[in-house]
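Each value in this text was obtained by applying a stated rule to the coordinates, not by laboratory testing. These numbers come from a predicted model, not from an experiment. Here the Cβ positions follow ideal geometry from the backbone for every residue, glycine too, while neighbour counts run over all protein chains shown.
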Amino acid sequence: MGERVGVFVYASDPVSQLGVVGQLRGQPEIAVLEDSEIDNTAVAVVVVDRIDDDALRLIRAVQRQGCPRVVVVGSVLDGPSVLSAVETGACGFLRRSETQPETLAAAVRRAATGDGTMPSDLLGRLLNQVSQTHTQVLSPRGLSLSTLTKRETEVLRLLAEGHNTNEVAKELIYSERTVKNVLADVTRRLNLRNRTHAVAYALRQGLI
């Protein structure tokens, strides 16, 4: 087994805090950290009722304290608020009602490696919303916001559909290193935070 992922849990109430900590402590690859160990945190899990202005401020505060990757567990998740949270720096999203110890641990592991997590039905609605915006607003005006190469578009589209980098590489017949290099180029060139932010940017701009 590889090195354990250090996780710090922030919750809006003590009951949620204890519940999520209990779920994570049962996972052998996860190390739940205390306040004094926050410098060793790889991923923060933020538990909220909904993603509102207070939740966004909490995400920013968590990052300032040294937790660059954030997984949000929310009672209510909707498209606009999730996109706002991604732009703030979150890279994983789980509905509280659907969160089990295994799914939470998987989201933490993916966040630690730079990947993201999002409920498939929510992702489908986001894709549909962006597609409608592109068709009904941009195309009739002859507008195009594309700033991506064909290869970058292919990689981001597959990530948006829920594939990880290894699966993307197999689908496109690339090496996994090539896929990671493509993602690194996109995030650096467009000044984005991580892979999830890159996917959200491409969705919002109607690029995929």
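Using the rule -39500 (n - 2.57) for each DSSP H run of four or more residues, divided by the residues of the chain, the 222 nm mean residue ellipticity is -15000 deg cm²/dmol.
When ranked by the protection proxy of mean other Cβ atoms within 10 Å per residue, highest first, what sequence do the peptides 178-190, 149-161 form? Kindly include the intermediate steps, with their values, before the conclusion.
Numbers: 178-190: 16.8, 149-161: 18.7.
Listed from highest to lowest mean packing, they are 149-161, 178-190.
Cα centroid separation, segment 34-68 to segment 149-208: 25 Å. Of Leu83, Leu56, Leu148, the residue with the greatest mean-square motion in the GNM of the chain, using alpha carbon springs below 10 Å, is Leu148.
For segment 5-118, the alpha-carbon radius of gyration amounts to 0.93 times the rule-of-thumb value 2.2 N^0.38 Å expected for a compact globular protein. Qualifying GluC sites (Glu not before Pro) in segment 1-56, where qualification requires a DSSP coil assignment and no more than 15 other C-beta atoms within 10 Å, comprise Glu3, Glu29, Glu34.
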